[in-house]
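Notes for the one structure printed next.
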Amino acid sequence: MPGKVLIVIPCYNEEASLPSVLDELHQTTLPGGYQMEVVVINDCSKDNTVAVARKHKATVLDLPVNLGIGGAVQTGIRYARDNDFDIAIQLDGDGQHPPKELDKLVGHHIESGANVVIGSRFLEKEGFQSSFLRRLGISYFHWVNRVMTGKHIYDSTSGFRLFDRAAIEIAAANYPDEYPEPESLVLFSKAGLKIAEVPVIMSARRGGQSSIRSFGSLYYCIKVSLAMFFSFIRKP
Amino acid sequence: MQRIQIIAIIVNILFLLYIARLIIKGKLREEYAIVWVICTVFLVIFSFWTEGLELLSRLTGVVLASNMVFTGFIFAILIYLLHLSVVASKLHNNNKKLAQEISLLKEQFDKYVSEHK
């Protein structure tokens, strides 16, 4: 029996970029005969994200209050757990994560059996590489992650990632709200999951705004460092 | 009795009455009222028994009795603020769980309705 894959798309005001992302997704076939379902999590958008998603045949989870990216992704993860999916893949609604790169993530999961597969911008220097400050932050988190998880994770802030059943179970129970990407890696690695990275080519966003803007980046670094530290010392 | 004592006692008793009123009307939960009631009771006691305050400050080695009152209250307020942050964090988590549950239920409900039309 072929397995089921859930594509989790957290959205906040993404009506501009969502149609092309969803269209591309519907034309994508996954390796290993996996069946695909797409779920759009509307994090209390002020635009027509819900209508656009429904029109493009996606399941919609409509949050009544704004939870932030982590809370939205966790909603999708919980949907995956409740509906018995084998794999959940987070893919951003802004078009930064091209659906055609999905088969690299799934392929790597099938080959290596890793519980979490991260689509990384930096393993090969191709495609959209982000701004200088952001890359500085990313290399800082590479270092922090090495200290806390003992692993080399180059793109720990990448939101393009695959969760298998074990990872879904953990993330459904405990997933950070704000800037969840680096912190959740500490959680996964403490639970003994295998984390792998696979190079993908990302594009610049097609619309909308990043959740991390310049004036908040210092806060981002401090908050995430603190959260990672406390996740690290907390008993599992 | 000094004038300041009388003012303090009246203000404290009014404050206690106001807390009682809030609890009775259901606007303040008892667990959050405890701190306020205890603080006010302390204030009332020391308003009557001013020598007690002098005695306490001599025992703890504080030169001015009023400084001891300030230190004690600032400390109590800090602890209470921390407690409120803990409460806010708990509410935040509960709120998140509820929102997620609502969105999942809404989706199930929509599916059910469209299947049984």
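The values are calculated or read from the model by the stated rules, or taken from the named source; none is laboratory data. Just so it is clear, the structure is predicted and the values come from calculations on it, not from any experiment. Using ideal geometry, Cβ is built from the backbone for each residue, glycine included, and neighbour counts are taken over all protein chains shown. Heavy atoms of the whole protein, side chains included, go into the accessibility calculation; ligands, DNA and RNA do not. Shrake-Rupley method; radii C 1.70, N 1.55, O 1.52, S 1.80 Å.
Things worth noting here:
- The C-beta contact set for segment B:70-82 (first residue touching a residue at least 40 places away in the same chain (Cβ under 8 Å) and within 16 Å of B:ILE38 (Cβ to Cβ), second residue assigned to a helix (DSSP H, G or I) and open to solvent by 90 Å² or more (accessible area, probe 1.4 Å), distance under 9 angstrom, 6+ apart or interchain) comprises B:TYR80/B:TRP36.
- Scope segment B:20-51; condition among the aliphatic types (A, V, I, L, M) and farther than 24 Å from B:MET68 by Cβ; matching residues: B:ALA20, B:LEU22, B:ILE23, B:ILE24, B:LEU28, B:ALA33
- Verdict on B:LYS117 being open to solvent by less than 70 Å² (accessible area, probe 1.4 Å), of a type in the set (Lys, Arg) and free of Cβ contacts under 8 Å to residues at least 60 places away in the same chain: no
- Any hit, segment A:63-79, residues being more than 10 Å from every other protein chain (Cβ to nearest Cβ), under 21 Å from A:ARG121 (Cβ atoms), open to solvent by 10 Å² or more (accessible area, probe 1.4 Å) and in contact (Cβ under 8 Å) with a residue 24 or more places away in the chain: yes
- Once segment B:45-65 is narrowed to residues that are over 20 Å from B:VAL11 (Cα atoms) and not in a helix (DSSP H, G or I), the residue that is most open to solvent (accessible area, probe 1.4 Å) is B:VAL63.
- Members of segment A:9-61 that are in contact with a Phe, Trp or Tyr (Cβ under 8 Å, 6 or more places away or on another chain) and in contact (Cβ under 8 Å) with a residue 60 or more places away in the chain: none
- Taking helices (runs of 4 or more DSSP H) as the structural unit, those lying wholly within segment A:1-118 and holding at least 3 residues that are among the β-branched types (Val, Ile, Thr) correspond to A:49-55, A:68-82.
- Restricted to segment A:50-62, and to residues there that are more than 9 Å from every other protein chain (Cβ to nearest Cβ) and within 19 Å of the chain's Cα centre (by Cα), the residue that is farthest from B:SER114 (Cα to Cα) is A:ALA53.
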